[in-house]
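Working notes for the structure below.
The values are calculated or read from the model by the stated rules, or taken from the named source; none is laboratory data. Given the structure is predicted, the values throughout are model-derived calculations rather than measurements. All Cβ positions, even for glycine, are placed from backbone atoms using ideal geometry, and neighbour counts span all protein chains on display.
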Amino acid sequence: MSDERRGRGAGERPPGDGRRGERQRPQARERSAGHRSEQRPSERARRTDPTRLAAYTAMREIAEGAYANLALPKLLRDKRISGRDAGFATELVYGATRLSGLYDAVIASAAGRPVDKIDANVLDTLRLGAHQLLGMRVPSHAAVDETVALARQVNGAGAAGFVNAVMRRISEREPEEWTDLVTEGVSDPVERLALRTSHPVWIAKALRAALIGHGAAGPTDVEESLTALLESDNAPAKVSLVARPGLSSLDELEDAGAERSGLSPVGATLPDGDPGAIAAIRDGRAAVQDEGSQLLVLALAAAETQGAAAEHERWLDLCAGPGGKAGLLAALAIERRIPFVANEISEHRADLVWQTLAAARAEAVERDTSLKVRHGDGRDLGEVEHGGFSRVLVDAPCTGLGALRRRPEARWRRGPDDVAALAGLQRELLSSGIEATAAGGLVGYATCSPHLNETRFVVSDILKRRDDVELVDARPHFVDASGRELPALGEGPYVQLWPHVHGTDAMFFALLRKR
Ligand SMILES: C[S@@+](CC[C@H](N)C(=O)[O-])C[C@H]1O[C@@H](n2cnc3c(N)ncnc32)[C@H](O)[C@@H]1O
């Protein structure tokens with residue numbers, strides 16, 4: 001690779017600096033790749049750089065069903081791509097995947113044919129190219145040349161000519177012009193917003209209903225809130241850390257370069273660097289965890305139990321895999337010498353819980369308190385351990401619509417049928433959790449989805465069917481790092497967090513007390 005090539009390659013730009021709308025307007029000569037069009041693509045770049053090639057490989061693995069957050073780090077490790085190049089590859093893959101709905105409309109327009117008439121491999125090359133042109137600060141000539149080089153390398157010489165033509169067409173307009181162009185024929189405002197922000201229409205509609213249903217927006221400001229929410233799904237989430245109480249401390253995380261969270265009393269954020277390089281995280285004394293998840297675990301631990309439950313505290317995480325919330329809940333239980341059980345139906349995920357709890361398990365032995373990981377169906381526990389627990393967390397399997405910013409491919413994999421398919425299981429797990437709770441005890445029902453069918457409707461359905469449980473206002477237990485109740489939690493008694501309001505995943509939490 002020549003120095004010139006390397007100079008405009010991946011390492012030149014800091015990661016994540018190419019967000020939509022921030023792109024610097026290049027010089028006119030540079031904007032269009034037309035000045036190079038007389039030069040045959042084969043005479044320009046022959047191979048692209050390893051970073052873009054890794055990004056393409058990740059895109060193909062994602063198309064085959066892989067998860068971006070697992071596939072890409074492995075590829076980067078295998079190819080020894082790190083630092084800024086790793087950041088560049090991450091922005092490329094995450095951005096091209098999240099925004100593929102919008103980019104496909106742009107590519108179809110520039111190519112003059114629908115994307116289902118374009119080979120899937122070539123389409124992924126074009127999505128990566130489109131993101132460099134429209135979503136990152138990559139100069140047009142570099143974006144076009146490198147994408148053509150990538151196409152030649154992985155899609156063949158014939159495809160490279162097509163990619164060259166499409167990329168040149170895309171480079172002729174600014175991102176805003178393209179967005180206006182591809183959305184101008186869409187009359188329904190939610191459908192238009194869904195396309196602008198690259199979301200499936202059903203998700204945009206469900207999130208709109210959730211904003212209204214949870215009291216976070218009214219008829220007059222819902223479009224504004226929905227826009228902010230959908231845009232926040234396209235922004236990379238900050239790296240949030242938790243210091244598991246009694247095992248690590250915020251001081252320890254600060255010493256490792258993290259900054260204390262204003263939001264979570266046990267949280268910190270890592271401005272840059274690899275969280276895996278922090279000793280406390282490697283040891284399982286601290287972890288990467290969304291602050292919303294931290295807050296709801298703290299709320300469940302802080303609320304008051306009564307009667308029999310208060311006399312014999314024993315805690316359960318009914319659906320614990322892979323163990324993020326169990327890690328915090330177990331640490332809090334061990335500090336108070338309260339027995340703790342983490343249950344998970346999947347054997348593999350139960351193993352992950354076991355590993356996640358390694359430091360907690362050692363501490364439990366040290367402090368002579370019980371910590372168990374159970375591999376089994378949570379729906380049985382209500383019967384097997386009837387009334388056996390004082391606090392039960394039911395972090396139910398859900399569509400994850402509240403964590404789309406973390407899972408770039410998730411919005412394209414989920415469908416409205418998934419919501420319906422999970423409805424029965426969510427109700428059964430909540431019922432079992434209630435059965436497993438002693439009189440005066442608490443059940444926390446959580447989802448990382450604000451969808452009304454996975455949240456309020458599940459809880460209100462159960463409340464209609466049972467008279468041995470009542471709702472408790474969860475809001476006073478959601479306090480920030482300085483002890484103040486969090487703002488904008490909704491009308492209660494439920495809590496619904498939002499990325500565009502609180503900076504967390506859109507976690508839902510209901511607190512119920514067993515009579
Ligand atoms: C939302 S995830 C839990 C996330 C976890 N609390 C954490 O913070 O890492 C839901 C989990 O429930 C598990 N699950 C699904 N059906 C279950 C069942 N019938 N009993 C117990 N766990 C179940 C899934 O395998 C998944 O690991």
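One residue stands out in region 460-514 among those that are of a type in the set (D, E, K, R) and without any contact (Cβ under 8 Å) to a residue 40 or more places away in the chain: the one that is surrounded by the most Cβ atoms within 10 Å (Cβ to Cβ), namely R475.
Whenever a residue of region 347-366 is assigned by TED's automatic domain parsing to the domain that holds L328 and among the aromatic types (F, W, Y), its partners that are buried (at least 16 other Cβ atoms within 10 Å of the Cβ) and outside any loop (DSSP other than H, G, I, E, B), lying with C-beta atoms within less than 7 angstrom and at least six residues away or across chains, give the pairs W354/V373. Of the candidates R456, R465, the single residue that is of a type in the set (K, R), more than 17 Å from K325 (Cβ to Cβ), within 23 Å of the chain's Cα centre (by Cα) and not assigned by TED's automatic domain parsing to the domain that holds L263 is R456. Of the residues making up region 270-283, those that are among the small types (G, A, S) and either over 18 Å from E335 (Cα atoms) or surrounded by fewer than 21 Cβ atoms within 10 Å (Cβ to Cβ) (or both) are G273, G276, A277, A279.
Among the residues of region 279-289, those that are in a helix (DSSP H, G or I) and either of a type outside the set (G, A, S) or over 23 Å from A360 (Cα atoms) (or both) comprise I281, R282. Screening T447 against (1) in contact with a strand residue (DSSP E or B) (Cβ under 7 Å, 6 or more places away or on another chain); (2) closer than 15 Å to V469 by Cα; (3) not aliphatic (A, V, I, L, M) leaves a single unmet condition, (2).
Quick check, is G284 within 15 Å of the ligand (Cβ to nearest atom) and not assigned by TED's automatic domain parsing to the domain that holds L486? So G284 fits the description; yes.
This table checks each residue for (1) basic (K, R); (2) in contact with a helix residue (DSSP H, G or I) (Cβ under 6 Å, 6 or more places away or on another chain).
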| residue | (1), (2) |
| --- | --- |
| R405 | yes, yes |
| E409 | no, yes |
| W412 | no, no |
| D417 | no, no |
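Candidates G292, G276: the one that is closer than 24 Å to D473 by Cα, outside any loop (DSSP other than H, G, I, E, B) and not hydrophobic (A, V, I, L, M, F, W, C) is G292. Within region 330-355, the set of residues being of a type in the set (A, V, I, L, M, F, W, C), closer than 18 Å to H375 by Cβ and part of a loop (DSSP other than H, G, I, E, B) comprises just one member, I345. Restricting to region 415-424, and then to whatever is touching a residue at least 40 places away in the same chain (Cβ under 8 Å) and surrounded by fewer than 20 Cβ atoms within 10 Å (Cβ to Cβ), can you tell me which residue is farthest from R456 (Cα to Cα)? Per the stated criteria, the residue is G415. The helices (runs of 4 or more DSSP H) found entirely in region 366-478 that carry 2 or more residues being within 12 Å of the ligand (Cβ to nearest atom) and within 27 Å of R336 (Cβ to Cβ) are 378-384, 416-435. If we scan region 483-503, do we find a residue that is closer than 30 Å to L250 by Cα, among the hydrophobic types (A, V, I, L, M, F, W, C) and in a helix (DSSP H, G or I)? Within region 483-503, one or more residues are closer than 30 Å to L250 by Cα, among the hydrophobic types (A, V, I, L, M, F, W, C) and in a helix (DSSP H, G or I). Among the numbered conditions (1) surrounded by 21 or more Cβ atoms within 10 Å (Cβ to Cβ); (2) under 29 Å from G87 (Cα atoms); (3) over 18 Å from the mean Cα position of the chain (by Cα), the only one that G292 does not meet is (3). Entry remark, region 330-348: residues being in contact with a strand residue (DSSP E or B) (Cβ under 9 Å, 6 or more places away or on another chain), within 12 Å of the ligand (Cβ to nearest atom) and not β-branched (V, I, T) number 6 in total. Report yes if some residue within region 134-149 is surrounded by fewer than 20 Cβ atoms within 10 Å (Cβ to Cβ), among the hydrophobic types (A, V, I, L, M, F, W, C) and under 25 Å from the mean Cα position of the chain (by Cα); otherwise report no. Scanning region 134-149, I find no residue that is surrounded by fewer than 20 Cβ atoms within 10 Å (Cβ to Cβ), among the hydrophobic types (A, V, I, L, M, F, W, C) and under 25 Å from the mean Cα position of the chain (by Cα), so the answer is no. Of everything in region 295-329 that is more than 19 Å from L429 (Cα to Cα) and not in a helix (DSSP H, G or I), the residue that is nearest to the ligand (Cβ to nearest atom) is A303. Among the residues of this structure, R52 counts as one that is under 25 Å from G101 (Cα atoms) and either charged (D, E, K, R) or at pLDDT 95 or above (or both).
Residue-wise test of (1) of a type outside the set (V, I, T); (2) in contact (Cβ under 8 Å) with a residue 40 or more places away in the chain.
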residue	(1), (2)
T57	no, no
P73	yes, no
L102	yes, yes
A130	yes, yes
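Residue by residue, here is whether (1) crowded, with 16+ Cβ neighbours inside 10 Å; (2) out of contact with any Phe, Trp or Tyr (no Cβ under 9 Å at 6 or more places or on another chain); (3) not in a helix (DSSP H, G or I) holds:
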{"site": "R208", "(1), (2), (3)": "yes, yes, no"}
{"site": "A217", "(1), (2), (3)": "yes, yes, yes"}
{"site": "T220", "(1), (2), (3)": "no, yes, yes"}
{"site": "S225", "(1), (2), (3)": "yes, no, no"}
{"site": "V242", "(1), (2), (3)": "yes, yes, yes"}
{"site": "E252", "(1), (2), (3)": "yes, yes, no"}
{"site": "S264", "(1), (2), (3)": "yes, yes, yes"}
{"site": "A268", "(1), (2), (3)": "yes, yes, yes"}
